[in-house]
Amino acid sequence: MDQIIRWSVAALLGLIFVGLAFNRISRTATESGLPYSLFGDIQDSVIGTVDGLWPWIRTRPVAPTPNQTTPHHHHRQFVPLSPNLTTCHLSYSRQVLPVYCCPPKPESEEPFIDFEFPDPETHRVRIRRPVHKLDRAFISKYQKALAKMKSLPLNDPRNFMRQANIHCIFCTGAYNQMHSNSPLNVHRSWLFFPFHRMMIYFHERILASFMDDGDDFALPYWNWDNPEGMLLPKMYMNGSFFDTERDQSHVYPSVADINFGGVESGLSDKDQIETNLRFMYHQMISGAKRTELFMGCVYRSGENGSCNGPGTIELAPHNALHTWVGSNLNPQRENMGTFYAAARDPVFYAHHSNIDRLWEVWRELNEHKLDIHYPEWLDSHFFSTTRS
């Protein structure tokens with residue numbers, strides 16, 4: 001039997017990975033004045049759809065601290081963002097490319113289940129490790145579990161393609177918001193980090209369920225902010241990790257351009273690594289000194305609540321590496337280079353595992369002083385379907 005699980009953003013902040021506890025965040029995020037466009041910069045952004053398999057997140061914005069200015073519309077009563085699950089429809093990866101990635105209708109109506117995390121006192125902390133440091137035994141069991149996931153029938157919500165379609169649904173506006181005809185989109189705003197945290201968490205748990213010793217399994221991360229990890233990991237060239245739709249000039253052992261804009265830099269490996277490190281300093285530190293600069297703009301429910309302001313890490317390396325990996329022979333650099341298909345490439349999950357790590361690194365660097373406390377961010381939520 002399929003079960004629909006409801007996730008809140010507040011709950012996602014309680015996840016414990018890499019030996020670090022993700023606690024709530026503080027600091028007021030200010031509004032972006034940018035006009036919202038569902039299709040804005042989609043060729044540079046990346047990611048996909050939602051399908052009946054993943055937990056959906058609740059998200060709330062940040063509560064102002066005493067010495068901060070409350071946004072000018074603070075007198076309004078905001079409703080937390082959430083998808084209307086009855087509205088899944090044709091959507092667009094670009095204005096000229098309609099896609100349909102809706103999940104099949106459930107066989108029966110089941111009540112929502114609020115997700116509860118395992119008791120940290122009785123469950124060990126799972127440690128996420130960099131891909132370039134994995135041993136053969138780990139790679140082997142991960143590869144077998146992924147092959148199992150890919151072999152599941154499409155009517156099983158744990159199926160790999162069904163999971164990939166979750167990204168497609170939420171990232172192309174296939175669901176309307178609850179109580180509104182406005183589409184719900186999880187990119188280019190403060191929903192970016194929590195949504196993807198939810199998605200990779202359940203991907204990780206599904207993989208673990210196919211392992212005899214999966215209790216301590218954690219997704220590895222593509223450590224592209226470290227000189228040793230600035231290559232598309234060799235592991236992804238084999239077996240169930242392989243994807244045909246990649247730029248073959250960028251596979252191992254090419255050094256990644258983490259600010260790739262569609263044109264080759266022409267730099268030597270040494271110079272590219274140095275350029276990448278300088279760029280990371282800006283995206284994580286000097287260019288991310290305010291909450292909204294790193295997290296993205298304040299996205300609220302309703303027709304007038306949308307915004308178009310991605311944070312530093314979402315713009316690049318996130319978008320840039322999606323484009324860099326995707327095939328230059330495809331019109332939208334599928335798979336990784338476009339919303340609807342990005343999660344079809346297994347490297348997507350290692351990429352976002354690192355994005356998730358960097359969110360926590362940024363929080364620690366700022367001693368949690370820039371964390372978000374707004375109720376409508378913490379209470380925003382998403383839904384996922386899994387097996388009971």
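The values are calculated or read from the model by the stated rules, or taken from the named source; none is laboratory data. Remember, predicted model here, so these are calculated numbers, not experimental data. Every residue, glycine among them, receives a Cβ derived from its backbone with ideal geometry; neighbour counts consider all protein chains shown.
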request  = Could you list all residues from segment 224-233 that are assigned to a loop (DSSP other than H, G, I, E, B) and touching a Pro at 6+ places or on another chain (Cβ under 8 Å)?
outcome  = 224, 225, 226
ask   = Which members of segment 190-217 meet the condition of being more than 12 Å from the chain's Cα centre (by Cα), part of a loop (DSSP other than H, G, I, E, B) and touching a residue at least 40 places away in the same chain (Cβ under 8 Å)?
value = 210, 211, 213, 217
ask   = From the list 120, 157, 98, which one is over 20 Å from residue 319 (Cα atoms) and more than 23 Å from the chain's Cα centre (by Cα)?
value = 120
inquiry  = If I go through segment 260-288 residue by residue, how many of them are within 27 Å of residue 372 (Cα to Cα) and in contact (Cβ under 8 Å) with a residue 40 or more places away in the chain?
reply    = 4
Scan of segment 122-140 for residues that are touching a Phe, Trp or Tyr at 6+ places or on another chain (Cβ under 8 Å) and over 20 Å from residue 357 (Cβ atoms), ordered by number = none
task = Could you list all residues from segment 340-361 that are touching a Leu at 6+ places or on another chain (Cβ under 9 Å) and part of a loop (DSSP other than H, G, I, E, B)?
result = 340, 346
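Would you point out which residue out of 367, 360 is in contact (Cβ under 8 Å) with a residue 60 or more places away in the chain and either farther than 22 Å from residue 257 by Cβ or more than 18 Å from the chain's Cα centre (by Cα) (or both)? Working first, answer last.
Values: 367 fails: in contact (Cβ under 8 Å) with a residue 60 or more places away in the chain.
360 is the lone residue from the list that is in contact (Cβ under 8 Å) with a residue 60 or more places away in the chain and either farther than 22 Å from residue 257 by Cβ or more than 18 Å from the chain's Cα centre (by Cα) (or both).
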inquiry  = Going through 335, 328, 319, 276 one at a time, which residue ends up being touching a helix residue (DSSP H, G or I) at 6+ places or on another chain (Cβ under 6 Å) and among the polar types (S, T, N, Q)?
reply    = 335
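Tell me, please, whether a residue that is of a type in the set (Asp, Glu) and either touching a residue at least 12 places away in the same chain (Cβ under 8 Å) or touching a Pro at 6+ places or on another chain (Cβ under 6 Å) (or both) can be found in segment 117-139.
Taking segment 117-139 first, the residues of a type in the set (Asp, Glu) are 119, 121, 135.
With either touching a residue at least 12 places away in the same chain (Cβ under 8 Å) or touching a Pro at 6+ places or on another chain (Cβ under 6 Å) (or both) added as a condition, the list becomes none.
Scanning segment 117-139 turns up no residue that is of a type in the set (Asp, Glu) and either touching a residue at least 12 places away in the same chain (Cβ under 8 Å) or touching a Pro at 6+ places or on another chain (Cβ under 6 Å) (or both).
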Yes/no for residue 143 being in contact with a Ser or Thr (Cβ under 7 Å, 6 or more places away or on another chain), assigned to a helix (DSSP H, G or I), within 20 Å of residue 220 (Cβ to Cβ) and polar (S, T, N, Q) = yes
note = Only one of (1) in contact with a Leu (Cβ under 6 Å, 6 or more places away or on another chain); (2) of a type outside the set (A, V, I, L, M); (3) modelled with pLDDT of 95 or more; (4) within 16 Å of residue 383 (Cα to Cα) does not apply to residue 176, and that is (1)
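Collect the residues in segment 91-117 that are assigned to a loop (DSSP other than H, G, I, E, B), out of contact with any Cys (no Cβ under 8 Å at 6 or more places or on another chain) and closer than 20 Å to residue 382 by Cβ, keeping them in residue-number order. Please lay out each step first, then the result.
Let us first name the residues in segment 91-117 that are assigned to a loop (DSSP other than H, G, I, E, B), namely 95-96, 100-112, 115-117.
Restricting the remaining residues to those that are out of contact with any Cys (no Cβ under 8 Å at 6 or more places or on another chain) gives 95-96, 100, 104-112, 115-117.
100, 104, 105, 106, 109, 110, 111, 112, 115, 116, 117 - these are the residues of segment 91-117 that are assigned to a loop (DSSP other than H, G, I, E, B), out of contact with any Cys (no Cβ under 8 Å at 6 or more places or on another chain) and closer than 20 Å to residue 382 by Cβ.
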remark   = Restricting segment 148-175 to residues that are aromatic (Phe, Trp, Tyr) and in a helix (DSSP H, G or I), the one surrounded by the fewest Cβ atoms within 10 Å (Cβ to Cβ) turns out to be 160
ask   = Which residue, of 81, 97, is at pLDDT 80 or above and within 22 Å of residue 306 (Cα to Cα)?
value = 81
